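Q: Below is the structure I would like to discuss, written out as structure tokens.
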Amino acid sequence: MTEFHVYILASRYRGTMYVGVTNDLSRRMGEHKSGAVPGFTKRYKTNLLVYCEGYASILEARERERVLKRWRREWKFELIETRNPDWNDLTGQLG
């Protein structure tokens, strides 16, 4: 069972991106979309969920988050486009 998610938010197609980790993706997306949390995502309006991966352990998820945060933008674009070529907001698919 997946407990933790590493996710990428974007402001628009190939726009500003944010990489995060959470144990409740639906709740976290609500916070991002409402602007409830001050900081990067609120300032740059990165509230479109364009990519996510699930992990069983927080240690694995945090390590993956660290890796993705160090990636070049183009590498992130390629990763996103393997699963979401149109950069659709995936928030509505969360269950």
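Values quoted throughout were computed directly from the atomic coordinates according to the rules given, and no laboratory measurement underlies them. What you see is a predicted model, and the numbers here were worked out from it, not measured in a lab. Because the Cβ atoms are built from the backbone with ideal geometry, glycine has one as well, and the counts that use them run over all protein chains shown.
Q: Tabulate in residue order the Karplus-calculated ³J(HN,Hα) for the stretch 9-20, using 6.51 cos²θ - 1.76 cosθ + 1.60 with θ = phi - 60°, rounded to whole Hz; enter x for Gly and Pro.
A: Once rounded to whole Hz, the list reads 9, 9, 7, 5, 4, 6, x, 5, 10, 9, 10, x.
Q: To the nearest 20 debye, what charge dipole does the stretch 4-93 have about its Cα centre, counting +1 at the Cβ of each Lys and Arg and -1 at the Cβ of each Asp and Glu?
A: Around 440 debye, computed over the stretch 4-93.
Q: Rg and Dmax in Å for the chain, alpha carbons only: what are they?
A: For the chain, the Cα-based Rg and Dmax read 12.3, 34 Å.
Q: Using each residue's phi in the stretch 61-76, evaluate 6.51 cos²θ - 1.76 cosθ + 1.60 at θ = phi - 60° and report the 3J(HN,Hα) Karplus result to the nearest Hz, with x for Gly and Pro.
A: 5, 5, 5, 5, 4, 4, 4, 5, 5, 8, 5, 5, 3, 4, 5, 5
Q: Next question. Calculated from DSSP H runs of 4 or more alone, at -39500 (n - 2.57) each and per residue, what is the 222 nm mean residue ellipticity of the chain, nearest 500?
A: Computed ellipticity for the chain at 222 nm equals -11500 deg cm²/dmol.
Q: Follow-up question, since we're still on this one. In a Gaussian network model over the chain where Cα atoms closer than 10 Å are linked, find which of 74, 53, 65 has the largest mean-square fluctuation.
A: Judging by the Gaussian network model, the answer is 74.
Q: Report the FRET efficiency, 1/(1 + (r/R0)^6), for residue 56 and residue 14, where r is their Cβ-Cβ distance and R0 is 30 Å, rounded to 0.05.
A: My answer for the efficiency is 0.45.
Q: For a quick check, take a GNM of the chain with Cα springs below 10 Å and name the residue from 20, 39, 30 with the largest mean-square fluctuation.
A: Answer for the Gaussian network model of the chain: 39.
Q: Taking only C-alpha pairs under 8 Å that are 6+ residues apart, what is the relative contact order of the chain in percent?
A: Result for the chain is 36 percent.
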